[in-house]
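The structure appears right after this line, and notes come after that.
The values are calculated or read from the model by the stated rules, or taken from the named source; none is laboratory data. These numbers were taken from a predicted model, which means no experiment stands behind them. Glycine gets a Cβ as well: all are built from the backbone with ideal geometry, and neighbour counts include every protein chain shown.
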Amino acid sequence: MMSSPCRFQEVEAFIEVNQELLEPQRHGWLRIRNYFSSDQSESNAPALVIIPTGCGKTGLMAITPFGVARGRVLVVTPGVVVNEGVLESLDSSSPDNFWLKYNVLFNGYDLPAVVRFRSDLPDSPLHMADMVVAKIQQTMSRNRGSLVNRVAPDFFDMIIVDEGHHAPAESWRYLFQYFSEAKKVLVTGTPFRGDGISIYGNVAYEYTLGQAMRAGLVKRIIEQKHIDERLEFTVDGMDSRLSLDEVLEIKDQEWVNRSVAYSPECTRQVVIESLKLLEEKRRTGTPHKILASACSIAHAEQIRDIYEQEGSKATVVHSTLNDETRASSVRDFEQDRYQVIVHVNMLGEGYDHPNISIVAMFKPYRSLNQYVQFAGRALRVIRNTDHDDIDNVAHLVYHNELGLEKLWEYYKNEAQRATTISELENEMSAVWNDEEPESDGYECQPWEIGTVTPVGLRYAARESFLEDYDIIASYDRAKEALQSKLENALEALRVSGVSVTPELEEAILASMRKESLRSKRPDLELSETRSAFVTKVENEVAELLNECAIDPHAKDGFLRLRSKPQYSWMDKNRGQTSANNAFLVILINQELMKHVGRPRKEWTLKDYTSAEDRLCYILELLRAHARGNIQ
């Protein structure tokens, strides 16, 4: 039996209304807590939490055990980079300790005892720990000193898996089987795997990329493709050059994508495009940087050489470099000794550096998981900037013939959901006002490619999304205004004789920043629960409309429901036919009020739990109506 006292039950953490925490952290914690107190957890299925990169995933893992875990907690990471990042946030000796930095805990004596697991770790600190952080490799049964060979199956009450999309792997399954009775939480920014295997678990909480963009928690995205008017291909054994259409008659699309990826001329054009962006973005005073992906080590070195030929300092990281060399290259990149770093399957998952604002793709990804992981490296938001429309815009740059357009559609779909959610917020605010009743397995092989020669005009095509917010237009306006603003600022500095560095500016801002702590009030938990529930309804309605391809603004959806007496009053009261999104919000509100049986301002925490279960039932019926399966 677990013998240690449970710090996570003894210590009262400041979470529910802590404005130092991000919304997905507060709401995510509430949803996880509710999950383990509901019927869903009885099957012992893991709670799946989906939260994009840059939205506080590590912080959410840090607060998850409070009030939920009744014993020790194991945090498992898939690799070294992720492991180091988690440990740095939880280290009690670190000035960046998450619990103290964000006022979750106010007293150092209340900090959980966190231990980094090693095979040679003595038993004493392991048994004194409140939380153990381990890499998945350190839990494997085949290793004599592994965790499962050191502790009993009931040693942990909760297991939190970082980058939970790795969970279907055999190693994770064995871990879950060994600690079979422990609560399990899978946290991920990419709820899908490259091998097509579903992640086992029930979605306890999801915060979409579109929501994160609207809330300013991540950078907004512009896709920029380099397009050549014409490409000509040289195929082994053939004397003449072939056009794209001609080469596709004898080679497949992947051969074309690989050939373009390895083409020095095509690579150079993407390099030039990315460097133009870098130059205009660095005018804000922020040391923006480029992260580039390559197919192989030789390919990475080729890309680095081209960047240097075009006047930029670049470095390469890959698996054959020793740890010291690799760490030195990354450190020099972060300290701006290099403006470009080219990686080969090294700086995807778990690597975060806010000044990466341009990702240059020279690899024809086939895995959505790998594509999203790489693009996500540019999403970490830059804080305390006066040039948000430039600094907090990320650019995905690649050649049009790399075949990445389908993967870009993922972002566009996320954005459509975000637009729908934004519109739903207006409906919800009226109806819900209480005063109202790993490698992706795709390696390019140099000997399977042809020579590619660009011919004719060259141009760039840009695309963003968020229908009601033109990211490209706002970026261009800010870029045009920046030059004169910078000149005025520089002149003022020269006149005053003061040279202000980014470090000095941050130090001044930090000294002026006031603590804005709010005293904890248990009664405000209900308010936070209500806010989280309203957000869930918005997300679910947006997802339903998107999934069923129903225009949220049209008025022709759910006609059978609209004709029913219990719902026909909605359009009559408005004097016109309601848009589909408004109709769903009002319908759901009416059904939930009827289910709970009391005005919303009188709902208790238990009522919200009951309403959430009913919401799932209502949504399934609405999906059936949308598909015409119900008369």
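Restrict the check to the range 609-624 and report whether at least one residue is surrounded by 14 or more Cβ atoms within 10 Å (Cβ to Cβ) and touching a Phe, Trp or Tyr at 6+ places or on another chain (Cβ under 6 Å). So far as the range 609-624 goes, no, none of its residues is surrounded by 14 or more Cβ atoms within 10 Å (Cβ to Cβ) and touching a Phe, Trp or Tyr at 6+ places or on another chain (Cβ under 6 Å).
Taken together, A298, A327, A292 contain a single residue that is of a type outside the set (K, R) and under 11 Å from F362 (Cβ atoms), which is A292.
Within the range 344-357, the set of residues being modelled with pLDDT under 90 and not aromatic (F, W, Y) comprises V344, N345, M346, L347, G348, E349, G350, D352, H353, P354. How many residues does the range 595-631 hold that are of a type in the set (V, I, T) and part of a helix (DSSP H, G or I)? Adding up the residues that qualify gives 3.
Can you name the residue in the range 221-275 that is of a type in the set (A, V, I, L, M) and in contact with a Lys or Arg (Cβ under 8 Å, 6 or more places away or on another chain) and, of all such residues, is nearest to A300 (Cα to Cα)? Per the criteria, the residue is A261. In the range 604-620, the residue that is nearest to D551 (Cα to Cα) out of those that are among the hydrophobic types (A, V, I, L, M, F, W, C) and modelled with pLDDT of 85 or more is L619. Scanning the range 137-183 for residues that are surrounded by fewer than 16 Cβ atoms within 10 Å (Cβ to Cβ), at pLDDT 85 or above and among the small types (G, A, S) yields A152, S180. Only one of the numbered conditions (1) surrounded by 15 or more Cβ atoms within 10 Å (Cβ to Cβ); (2) assigned to a loop (DSSP other than H, G, I, E, B) is not met by Q302, and that is (2). I need the full set of residues from the range 331-357 which are in a helix (DSSP H, G or I) and either more than 22 Å from the chain's Cα centre (by Cα) or of a type in the set (S, T, N, Q) (or both), in order please. Residues satisfying the conditions are R331, D332, F333.
Scanning the range 363-381 for residues that are crowded, with 22+ Cβ neighbours inside 10 Å, over 11 Å from the mean Cα position of the chain (by Cα) and of a type in the set (D, E, K, R) yields one hit, K363. Residues that are assigned to a helix (DSSP H, G or I), under 26 Å from R220 (Cβ atoms) and assigned by TED's automatic domain parsing to the domain that holds D252 do occur in the range 284-299. Evaluating A360 against the criteria (1) farther than 20 Å from P52 by Cβ; (2) modelled with pLDDT of 85 or more; (3) among the aliphatic types (A, V, I, L, M); (4) not in a strand (DSSP E or B) leaves one unmet condition, (4). Within the range 47-71, the set of residues being part of a helix (DSSP H, G or I) and of a type in the set (G, A, S) comprises G59, A62. The residues on offer are V73, V80, and the sole one that is at pLDDT 90 or above and not polar (S, T, N, Q) is V73.
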